[in-house]
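Colleague: Structure provided below as structure tokens; questions to follow.
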Amino acid sequence: MWGGQVQFLHQLSCRADFVKRWGARPAVRTALLASALLVAGGCQREPAPRPTAATPEQRTAAPEPRTANGVREAAWTKEEDGQWAMAAKNWANTRYSRLDQINTGNVNQLRQVWSFNTGIAAGHEAAPLVVGDTMYVVTPYPNVLYALDVRDGGLRWSYRPRPVRAAQGVACCDVVNRGAAYADGRIFFNTLDNHTVAVDAKSGKEVWKTKLGDINLGESMTMAPLVAGNRVLVGNSGGEFGVRGWITALEAGSGKIAWRAYHTGPDKDALIGADFRPFYAGDRGEDLGVKTWPPGQWKIGGGTVWGWISYDPELDMVYYGTGNPGPWNPELREGDNKWTCGLFARRLSDGAAIWFVQFVPHDEHDYDGVNESILVDMPWRGEERKVLLHPERTGFMYVIDRTNGEILSAEPFAHTNWATGVDLQTSRPIKNEEKATGLGKVVRNVCPAAPGAKDWQPSAFSPRTGLLYIPHNNLCMDFEGLEANYIAGTPYVGAEVKMMPGPSGHRGEFTAWDPAAAKAVWKIEERFPAWSGALATAGDVVFYGTMDRWFKAVNAVTGQNLWQHRLGSGIVSQPSTFRGPDGKQYLAVMSGVGGWAGAIVSGQLSAEDGTGALGFVNAMKDLPEHTAAGGAVHVFALP
Amino acid sequence: MFLRCRSGFLAAGIGVLTVLAASCERRETSERRMPAPGRLDTPAGLESGLQPGAAIVFPEIRNPYEGDASGISEGRRLYQWYNCSGCHFNGGGGIGPPFLDADWIYGREPANIFNSIVRGRPNGMPAYGRRIPEQQVWQIAAYVASLDPRQPDRAPPGAREPLVQEEGGDREGTGPRGGQQR
């Protein structure tokens with residue numbers, strides 16, 4: 001049995017008395033699950049405040065009732081508008097909707113109301129956007145943008161950017177796209193061949209298209225843009241190709257480049273100037289993006305931006321993480337390799353760096369820092385703090401003061417053995433030297449594996465429970481450092497990897513995490529890496545999908561499985577929810593297995609070579625027994 | 001300039017190959033005569049088995065390093081050096097397709113593999129023609145062909161030893177391993 005078991009890991013105070021009474025002993029699991037239903041029914045039904053006014057975008061939402069742990073949405077959170085206008089739902093990246101028609105009591109009646117096939121075999125990682133009565137989905141390469149009538153799935157128009165075919169050669173981990181963003185009547189998204197496009201949301205006509213990178217340098221683009229003010233923020237992929245990573249802000253109106261910051265090289269290229277005040281001493285000094293590398297190596301050093309971006313409109317700060325340094329073999333790049341594997345805060349208007357914190361100086365395991373940062377407010381040691389929650393690839397959950405970059409806590413949320421903890425005085429991980437990698441050295445059983453305890457798959461935060469819901473991996477790896485020969489446009493990795501399941505053999509986990517207690521509350525084990533995003537709703541239901549094709553709804557308080565529905569292919573995308581023109585709440589999700597974890601199916605790779613797909617094949621040999629490839633968007637509603 | 005060299009090469013017969021190759025600064029160091037797989041009037045140069053009208057039978061093109069252990073092992077080394085391994089790994093595939101199954105997109109004949117490397121393929125296979133001397137291309141092609149499971153004297157899929165062993169270390173995991181075999 002997979003995915004059916006919930007492990008309670010500590011006690012929730014308010015709504016779940018039963019947890020206190022029953023504890024977390026496996027022997028009482030059955031009783032616990034049975035009672036979960038009753039208690040959940042009894043304690044989670046305080047309705048969320050309903051939106052009242054007609055111009056929701058402008059208004060700030062009344063806060064949800066305070067949770068036991070005091071963790072809540074940022075004060076500037078906008079009122080629920082029933083839409084899903086950006087991949088992460090909002091600038092805070094909560095992936096939380098205040099819609100509550102679908103709740104723990106009725107979610108088991110969900111039915112599919114329509115679907116739409118994309119005809120594409122690659123991994124579908126995007127979130128379906130809904131604005132007004134139109135749904136927008138962007139496919140993996142060739143990055144077709146479809147506009148569908150939310151009522152019945154009718155096709156309104158499609159827009160084809162026609163990326164060059166050769167771009168498929170520089171997509172390290174399947175030709176995915178993580179979605180689009182809507183603002184002011186336009187849809188913005190990136191193409192695999194390094195263009196950002198703006199498309200008129202009504203007509204489907206291209207408004208502008210800006211070229212930002214070069215496939216012959218190994219660059220590609222896969223991330224979902226974040227639009228804030230008049231800036232469209234985008235970044236490049238290609239950390240396995242020796243690219244130089246950057247984030248770029250385009251003017252939303254014209255598509256002109258407003259600013260670009262590189263994550264290696266001199267301070268002026270990194271937009272590091274007078275306003276830069278990193279919290280930790282190790283990040284202070286002149287031109288660290290040059291000095292923390294062997295001569296010239298920074299030019300092909302990585303630090304890409306292919307994950308999530310958040311924005312705090314009050315502090316006017318943009319937050320995003322930087323990717324791994326290249327090549328993977330660390331011996332070829334002595335030093336801290338700034339500004340890779342860390343988190344930047346920048347000013348929106350001109351990109352000026354405000355602070356930076358490095359999760360992994362001198363990365364040795366491909367631990368990119370690009371995961372989402374969820375902006376919340378919470379009490380910390382008796383003081384109210386504006387923080388960001390950052391579930392790191394390294395396996396540590398960071399709570400960081402987002403005003404200044406101070407790490408408040410960093411506790412493991414998954415099995416890790418590469419480091420024993422994080423030194424909060426210096427921000428540096430306390431590395432386990434036994435897991436240090438190098439040339440010609442075979443290091444066995446490094447946990448987490450290269451895709452991390454958690455890869456791109458974004459978590460969701462519910463202000464009703466105060467918990468973060470994290471889809472993630474349970475994978476370890478054997479790693480051997482090799483020579484790396486830089487040939488522009490070809491992989492620059494210098495390592496051979498084989499991944500395998502982590503402790504107890506399951507490969508995925510779905511964890512509910514209490515950021516205040518820095519502890520997991522419950523965990524669901526999944527057969528395969530939980531490679532889809534999470535969605536939390538005011539109905540106290542949390543949704544996610546699995547690679548073995550289940551779209552699942554679980555109780556936000558207890559983790560109990562409330563409903564699951566089998567789709568046509570594995571799910572590696574981001575679910576979303578919206579209010580239809582008929583006033584009813586709907587759910588949307590894409591199926592279509594692939595991505596790095598699913599490459600064995602989407603790329604029809606051979607199970608005979610465990611090193612395939614950077615070693616992921618070794619851990620996924622049985623995936624073809626559970627799913628075939630092929631993308632579609634599915635919409636669900638109550639009868 | 002490169003392109004002109006290539007198309008000249010394509011149109012030419014075996015006789016003028018060496019001359020043209022030299023003019024493209026591709027030094028032929030071996031005594032072996034390198035066949036001209038790019039010629040369109042050879043069956044291996046075709047990518048379709050369907051020929052309109054009567055099918056014409058052409059002479060077969062062989063890889064000069066076929067079955068040559070030292071050439072294949074040099075090919076294996078070059079396969080790493082030119083980063084083929086970064087996209088195809090030890091034949092199981094990743095960004096590029098696998099060589100371990102029976103499904104070849106552009107054909108498994110020596111000339112097909114040669115052409116895949118030299119001319120590139122549209123969906124992301126780089127055109128290495130300018131980068132790799134022809135002799136080395138044949139060595140790499142011989143190694144690639146040797147991975148095909150239908151080869152009687154096939155090379156084992158794992159190119160280099162250490163990571164190939166399944167067990168070892170203090171691994172706690174006990175989950176499904178091995179899975180589907182072909």
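The values are calculated or read from the model by the stated rules, or taken from the named source; none is laboratory data. This one's a predicted model, so the numbers in the text were calculated from it and none came from an experiment. In this analysis, Cβ positions are derived from the backbone assuming ideal geometry, glycine residues included, and neighbour counts consider all displayed protein chains. Just the protein is used for accessible areas: all its heavy atoms, side chains included, with ligands, DNA and RNA removed. Shrake-Rupley method; radii C 1.70, N 1.55, O 1.52, S 1.80 Å.
Colleague: If I ignore ligands, DNA and RNA and count only protein heavy atoms, how much of A:S115 is accessible to a 1.4 Å probe, in Å² to the nearest 10?
Modeller: About 60 Å², ignoring ligands and nucleic acids.
Colleague: Mind ranking A:378-386, B:70-78, A:190-198, A:407-415 by how tightly packed they are, going by the mean number of other C-beta atoms within 10 angstrom, highest first? Show your work: numbers first, answer last.
Modeller: Details: A:378-386: 12.8, B:70-78: 18.7, A:190-198: 25.6, A:407-415: 20.3.
Final packing ranking: A:190-198, A:407-415, B:70-78, A:378-386.
Colleague: Label points 7 Å out from Cα along the Cβ direction at A:K584 and A:N432: separation in nm?
Modeller: 5.1
Colleague: For region A:356-408, what number results from the quotient of the Cα radius of gyration and 2.2 N^0.38 Å? Each step should come with its number before you reach the end.
Modeller: Values: Rg = 11.9 Å, N = 53, 2.2 N^0.38 = 9.9 Å.
Dividing the Cα Rg of region A:356-408 by 2.2 N^0.38 Å gives 1.19.
Colleague: Let me see the P(r) profile for region B:69-151: every Cα-Cα distance counted, bins of 10 Å, each bin given as a percent of all pairs.
Modeller: Reading upward from the zero bin: 19, 61, 20, 0.
Colleague: Across peptide A:595-605, what mean number of C-beta atoms from other chains lies inside 10 Å of a residue's C-beta?
Modeller: 3
Colleague: With charges set only on the Cβ (+1 for Lys and Arg, -1 for Asp and Glu), what does the dipole of region A:385-484 come to about its Cα centre, in debye to the nearest 20? Could the numbers behind the result be given before it?
Modeller: Details: 11 positive and 11 negative charges, 77 e Å.
The calculated dipole for region A:385-484 is roughly 360 debye.
Colleague: Follow-up question, since we're still on this one. Counting only other chains, and only Cβ atoms inside 10 Å, what mean value do you get across the residues of A:130-140? List each step's numbers first, then the result.
Modeller: On the way: counts 0, 0, 0, 0, 0, 0, 0, 0, 0, 0, 0.
Going residue by residue through A:130-140 and averaging, the value is 0.
Colleague: I've got another one for you. Could you derive backbone 3J(HN,Hα) for region A:218-235 from the dihedral phi with the Karplus parameters 6.51, -1.76 and 1.60 (θ = phi - 60°), listing whole Hz in sequence and x where the residue is Gly or Pro?
Modeller: My calculation for region A:218-235 gives x, 7, 8, 9, 9, 7, 8, x, 10, 10, 9, x, 9, 10, 10, 9, 9, x Hz in order.
Colleague: How far apart, in nanometres, would the label points at A:L155 and A:A274 be if each is projected 7 angstrom from Cα along the Cα-to-Cβ direction?
Modeller: Calculated label separation equals 5.6 nm.
Colleague: Hey, if you put +1 on the Cβ of every Lys and Arg and -1 on every Asp and Glu Cβ in region B:69-151, which of B:W81, B:A141, B:G107 ends up farthest toward the positive end of that dipole?
Modeller: B:W81
Colleague: Scan region A:223-313 for GluC sites (Glu not before Pro) in coil per DSSP, keeping those whose Cβ has at most 14 other Cβ atoms within 10 Å, and list them by number. Please report the intermediate quantities before stating the final value.
Modeller: Details: sites: A:E240, A:E251, A:E286; in loops: A:E240, A:E286.
Hits after loop and neighbour filter: A:E286.
Colleague: For peptide A:495-502, what's the mean number of Cβ atoms from other chains within 10 Å of each residue's Cβ?
Modeller: On the way: counts 1, 10, 2, 6, 1, 9, 7, 4.
The per-residue average across the peptide is 5.
Colleague: Here's something else I'd like to know. Using only the alpha carbons of region A:223-336, determine the length spanned along each of the three principal axes and report them from longest to shortest in whole angstroms.
Modeller: 43, 30, 20
Colleague: Can you list the lysines whose alpha carbon is less than 18 Å from that of A:K441, not counting same-chain residues fewer than 8 positions off?
Modeller: A:K431, A:K498
Colleague: Can you list the HN-Hα couplings for region B:101-113, worked out from phi with the Karplus curve (6.51, -1.76, 1.60; θ = phi - 60°), rounded to whole Hz and with x for Gly and Pro?
Modeller: 9, 8, 9, 9, 5, 10, x, 9, 5, x, 5, 5, 5
Colleague: What whole number of Å gives the distance from the Cα centroid of region A:90-125 to the Cα centroid of region B:85-129?
Modeller: So the two Cα centres are separated by 38 Å.
Colleague: Could you tell me which of A:Y492, A:A436, A:N194 has its Cα farthest along the dipole of chain A towards the positive end, charges placed at Cβ (Lys, Arg +1; Asp, Glu -1), taken about the Cα centre?
Modeller: Result: A:N194, furthest along the dipole toward the positive end.
Colleague: Return the whole-Å distance between the Cα centroid of region A:243-277 and the Cα centroid of region A:564-601.
Modeller: Using only Cα atoms, the two centres lie 34 Å from each other.
Colleague: Cβ neighbours within 10 Å, averaged per peptide: list A:556-566, A:610-620 in order, most packed at the top.
Modeller: Packing proxy ranking, top to bottom: A:610-620, A:556-566.
Colleague: From the phi angles alone, apply the Karplus equation (6.51, -1.76, 1.60; θ = phi - 60°) to region A:503-510 and give each ³J(HN,Hα) in whole Hz, x where the residue is Gly or Pro.
Modeller: Here the 3J(HN,Hα) series is x, 6, x, 7, 10, x, 9, 10 Hz.
Colleague: Amide H of A:N90 versus every other amide H placed in the peptide plane: which residues, excluding those fewer than 5 positions away on the same chain, fall under 5 Å?
Modeller: HN-HN under 5 Å from A:N90: A:R95.
Colleague: Could you sort B:47-54, A:496-503, A:548-555, A:439-446 so that the peptide with the highest average Cβ count within 10 Å comes first and the rest follow in order?
Modeller: On the way: B:47-54: 7.4, A:496-503: 26.1, A:548-555: 23.5, A:439-446: 17.6.
Listed from highest to lowest mean packing, they are A:496-503, A:548-555, A:439-446, B:47-54.
Colleague: Turning to a different aspect of this structure: Which residues' amide hydrogens lie under 5 Å from the amide hydrogen of A:G452, considering only partners 5 or more residues apart or on another chain, with H built in the peptide plane?
Modeller: none
Colleague: Expressed in whole Å with the largest first, what are the equivalent ellipsoid semi-axes of region A:161-253 derived from the C-alpha gyration tensor as the square root of 5 times each eigenvalue?
Modeller: Numbers: eigenvalues 104, 38, 21 Å².
The three semi-axes for region A:161-253 are 23, 14, 10 Å.
Colleague: Now a separate question. Provide the descending list of Cα extents for region A:475-634 along its principal axes, expressed in whole angstroms.
Modeller: Its Cα atoms span 58, 38, 32 Å along the three principal axes.
Colleague: For chain A, what class follows from the C-alpha gyration tensor (a ≥ b ≥ c being the square roots of its eigenvalues): rounded when a/c is under 1.5, otherwise prolate if a/b is larger than b/c, else oblate? Each step should come with its number before you reach the end.
Modeller: Working: a/c = 1.30, a/b = 1.19, b/c = 1.09.
Since a/c stays below 1.5, the shape of chain A is classed as rounded.
Colleague: Near A:K291, which lysines are there with a Cα under 21 Å away, not counting those fewer than 8 places off in the same chain?
Modeller: A:K268, A:K299, A:K338
Colleague: About the Cα centre of region B:69-151, what is the dipole size in debye to 20, counting +1 per Lys and Arg Cβ and -1 per Asp and Glu Cβ, all else neutral?
Modeller: Details: 8 positive and 6 negative charges, 47 e Å.
About 220 debye.
Colleague: Please report the equivalent ellipsoid semi-axes of region A:316-437, computed as sqrt(5 x eigenvalue) of the Cα gyration tensor, largest first, in whole Å.
Modeller: Over the Cα atoms of region A:316-437, the ellipsoid semi-axes are 24, 18, 11 Å.
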